[in-house]
1. So in the stretch 194-233, with the set limited to residues that are over 23 Å from TYR49 (Cα atoms) and among the acidic types (Asp, Glu), which one is least open to solvent (accessible area, probe 1.4 Å)?
2. SER246 - would you say it is hydroxyl-bearing (Ser, Thr, Tyr), at pLDDT below 85 and under 30 Å from LEU51 (Cα atoms)?
3. Which of (1) over 30 Å from LEU89 (Cβ atoms); (2) open to solvent by less than 40 Å² (accessible area, probe 1.4 Å); (3) among the aliphatic types (A, V, I, L, M) is the odd one out, the single condition LEU191 does not satisfy?
4. How about the stretch 164-181: which of its residues are farther than 21 Å from LEU193 by Cβ and either part of a helix (DSSP H, G or I) or open to solvent by 90 Å² or more (accessible area, probe 1.4 Å) (or both)?
5. If you go through the stretch 128-144, how many residues are of a type in the set (Ser, Thr, Tyr) and at pLDDT 95 or above?
6. If I ask for residues that are under 16 Å from VAL207 (Cβ atoms) and open to solvent by 60 Å² or more (accessible area, probe 1.4 Å), which ones from the stretch 113-123 would you list?
7. For the stretch 91-106, name all the residues that are surrounded by 10 or more Cβ atoms within 10 Å (Cβ to Cβ) and of a type in the set (D, E, K, R).
Amino acid sequence: MEERQRSAQQALQAPDDEISLVDLASTFLKRRRIFYVVFLVTLLAAILYALLAPEKYDYVSLFKLAEKDAGSFIEKPATVIATLENRWLPEIEATYLAEHDEPLPFDVIFSNPENTGLVRIVSEAAPANSDDVKHIHSQLIEKLEQTQSVAVSTLKSNLERQIDSLTSTIERLEGLQDVGAAIADAVNRRLSLEVLLLSIQPAELLVLNRQMAERKGPARSLIVVLAAMLGLMGGIFLSFFAEFVSLVRANLNEI
């Protein structure tokens, strides 16, 4: 009997390793200043960032490539974009770096909307850099206009030479006999070339450096909300971590 009573007393005196909600609440209240500091510092930093971070917008330029007939372009859009990305833009970036001793403060992205002959040039930049964006876009557009003008002139010259050659051939055949089929074929070919010549549409600048209305990046309110959540979780974690460190130090001092 005495042995049973002794066992019961030992069980009552044994330490309880389970942590109750009361213990957690007590620990949190004990270290609440750490939570307040972490939460407020995180929130204030987010508010300052949201207020001071420069606004950025997309600046868009659109250029329509020259057409030789409906839906067919003198130069393929993919070829033009490859030239922009690998030749002209690197040259312009190198010039900017030499003049300003720093790289371009924004990217320049090229794309071709599906089933169109449009070349879309986009740069995401702050309004303070809008003049630089316009200058870079203008340089790229100027190169596009020059190459497209040369391509149109070359195509027109080739078509005109072919038309003149067919006209001369028709005139020579008109004095001969039994050449009606040959003359008709030459006339049809000349007519097709004349239609193609008339259907050529020159390249055209549609938009230059248009600032889009929608602001890029996350909204300021979203930044503050996310920072508040981060500060809340970080503050709770550091509060309990500080208590853990304090207990470890106390145990070490007792050894």
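The values are calculated or read from the model by the stated rules, or taken from the named source; none is laboratory data. Since we're looking at a predicted model, the values are computed, not measured. Every residue, glycine as well, gets a Cβ built from its backbone with ideal geometry; the counts of neighbours run over all protein chains shown. With ligands, DNA and RNA removed, areas are computed over all heavy atoms of the protein, side chains included. Shrake-Rupley method; radii C 1.70, N 1.55, O 1.52, S 1.80 Å.
1. By that ranking, first place goes to GLU194.
2. Details: hydroxyl-bearing (Ser, Thr, Tyr): yes; at pLDDT below 85: yes; under 30 Å from LEU51 (Cα atoms): no.
Judged against the criteria, SER246 is not a match.
3. The number of the failed condition is (2).
4. Keep residues of the stretch 164-181 that are farther than 21 Å from LEU193 by Cβ, which gives 175-178.
Listed by number, the residues that qualify are LEU176, GLN177, ASP178.
5. Applying the first criterion (of a type in the set (Ser, Thr, Tyr)) to the stretch 128-144 yields 130, 138.
Subset that is at pLDDT 95 or above: 138.
Of the residues in that region, 1 qualify.
6. Keep residues of the stretch 113-123 that are under 16 Å from VAL207 (Cβ atoms), which gives 113, 116-123.
Passing the criteria: only ARG120.
7. Kept after step one, since they are surrounded by 10 or more Cβ atoms within 10 Å (Cβ to Cβ), are these residues of the stretch 91-106: 91-97, 100, 103-106.
GLU91, GLU93 - these are the residues of the stretch 91-106 that are surrounded by 10 or more Cβ atoms within 10 Å (Cβ to Cβ) and of a type in the set (D, E, K, R).
Here's the yes/no breakdown for (1) in a strand (DSSP E or B); (2) under 22 Å from PHE241 (Cβ atoms); (3) β-branched (Val, Ile, Thr); (4) modelled with pLDDT under 75:
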| residue | (1), (2), (3), (4) |
| --- | --- |
| VAL41 | no, yes, yes, no |
| LEU48 | no, no, no, no |
| TYR59 | yes, no, no, no |
| PHE63 | yes, no, no, no |
